[in-house]
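Taking it in order: structure first as structure tokens, then the write-up.
The values are calculated or read from the model by the stated rules, or taken from the named source; none is laboratory data. Predicted, not measured: the structure shown is a model, and the values here were computed from it. Cβ placement follows ideal geometry from the backbone for every residue including glycine, while neighbour counts extend to all protein chains displayed. Ligands, DNA and RNA are excluded from the accessible area calculation, which covers all protein heavy atoms including side chains. Shrake-Rupley method; radii C 1.70, N 1.55, O 1.52, S 1.80 Å.
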Amino acid sequence: MMKLLRITYIAWIGLFLTGCLSHKTLDVEQAELSLEQYEAFLNSAVYGAMNSITGDPVLTRERHLDYFTIVTGNEKIARMIYDEAVKYNIPPELAFALAFSESRFNPYAVNENKNSTDRGLFQLNSKSFPNLREEDFFKIEINIPQGIAYLRYCLDMGGNEVTALAMYNAGPNRVNDSRTPKMTLNYISKIQSYRISLEEGIIPEDFGSQLIPLPEIKSIKNVTLLMAHRSKIN
């Protein structure tokens, strides 16, 4: 069923793009677009469809997952982060922005601190999660739910997004004692910037999405090819 919906969705995009320029000649259609035009078409095809109104929650979820799969470059990671964010009533864009800032979506990322170690996609701290075995930190089916749940805990304790992100990064005790380091403030600013971009359907350049390589020639034909390629993700 999902495959049929995806095929229908890609076909709709192709018809939409073809219809928009049906009055132009083939030569004009193949001419290179400006960067602004090209991004506008991609935005409409990927993000516009994601936010279109639908009464079908399954279809809505599929559209969101299409978008966040492009964001992360990994369908399984995208699905797990999205579903956990929805479960804990956290804006998915915030969860994805946090995950990228922590590990660049790398499940095997490791960061050694003075007295502890951060591991995995959500960089769970060894002191904050003493019951996890070392190998557990690198399993996305454990790391992602734990990371999202901890973010929810920080949001509830902090009362607002800025304080919550500070707690996630520096620890609740340091924030409560007004010992938040400057690097944490920069960290918060970057995450909020990423979140805003994702909400607007703009994948930040820092993300460097590798799932769909952008062709050198920015044409209407290539937009359609990109969308067809995206249908082969799964």
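GLU135 meets each of the listed conditions (1) at pLDDT 95 or above; (2) closer than 17 Å to ALA99 by Cα apart from (2). Name every residue in the range 161-192 that is hydroxyl-bearing (Ser, Thr, Tyr), assigned to a helix (DSSP H, G or I) and either without any contact (Cβ under 8 Å) to a residue 60 or more places away in the chain or touching a strand residue (DSSP E or B) at 6+ places or on another chain (Cβ under 8 Å) (or both), in order of residue number. Within the range 161-192, THR163, THR184, SER189 meet the criteria. With respect to the conditions (1) modelled with pLDDT of 95 or more; (2) farther than 28 Å from THR60 by Cα; (3) buried (at least 18 other Cβ atoms within 10 Å of the Cβ), MET167 lacks only one, and its number is (1).
I'd like to verify a number: residues in the range 76-121 that are assigned to a helix (DSSP H, G or I) and either polar (S, T, N, Q) or open to solvent by less than 60 Å² (accessible area, probe 1.4 Å) (or both), how many? Give the derivation first.
At the first step, the residues of the range 76-121 found to be assigned to a helix (DSSP H, G or I) are 76-87, 92-103.
Subset that is either polar (S, T, N, Q) or open to solvent by less than 60 Å² (accessible area, probe 1.4 Å) (or both): 77-78, 80-85, 92-103.
Number satisfying all stated conditions: 20.
For ARG104, the stated conditions hold: it is of a type outside the set (A, V, I, L, M), under 17 Å from ASN169 (Cα atoms) and out of contact with any Ser or Thr (no Cβ under 6 Å at 6 or more places or on another chain).
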